[in-house]
Amino acid sequence: MAIAGIVLSVTEGRLPETREALRAFHGIVDVRALEDGCKLAAVLESPSRRLQEDLEALNGLDHVLQLDVAYVNYEEDLDGRGHMDCPPDGGHRPRRCGGAPGRGAL
C-alpha cells in the first residue's frame, strides 16, 4: 500500500465540483482546500502497483490543471533490507521529454 500526499491546481471557480470529484475517487481519504482558493490538498491510499495509474487518473479529472506529489510512503512494501521489488511489467514508462537542457550524450 502506498500513501501519497498530493496538491492539485484547479481551474478558477471550479474548486467545489473538483473537491466532490476527488471525494468520489476510490482511495482518496482526505481533501482540503488551500488558502489560495485554487488548490486542493488530498491524501491518496492506493496499492503500490496501481499508484501511477491512480495519479494519472486524478491528473485527468475535469478542471485539474496540475497535480504535484508532496510525498509518497511505501513503507509496508519494503523488505527487511529496505528494498522494494519492481512491478512485474517493469513499471517504467518512457519520459515524455528529452534529457536535461544543455546536456549532450555521454
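Listing ILE28, ILE6 from fewest to most neighbouring C-beta atoms within 10 Å gives ILE28, ILE6.
Measuring r between the beta carbons of THR11 and GLU53 and using R0 = 30 Å, the FRET efficiency lands at 0.80. Here the range 2-76 is assigned +1 on the Cβ of each Lys and Arg and -1 on the Cβ of each Asp and Glu. Its dipole about the Cα centre then comes out at about 80 debye.
Neighbours of HIS63, meaning other residues whose beta-carbon lies under 13 angstrom from its beta-carbon, give a summed charge of -1 when Lys and Arg score +1 and Asp and Glu score -1.
Read-outs: derived from the displayed coordinates by stated rules, not from any lab. Not measured: the values here are computed from a predicted model. Positions of Cβ are generated from backbone atoms using ideal geometry, with glycine treated the same way; all protein chains shown enter the neighbour counts.
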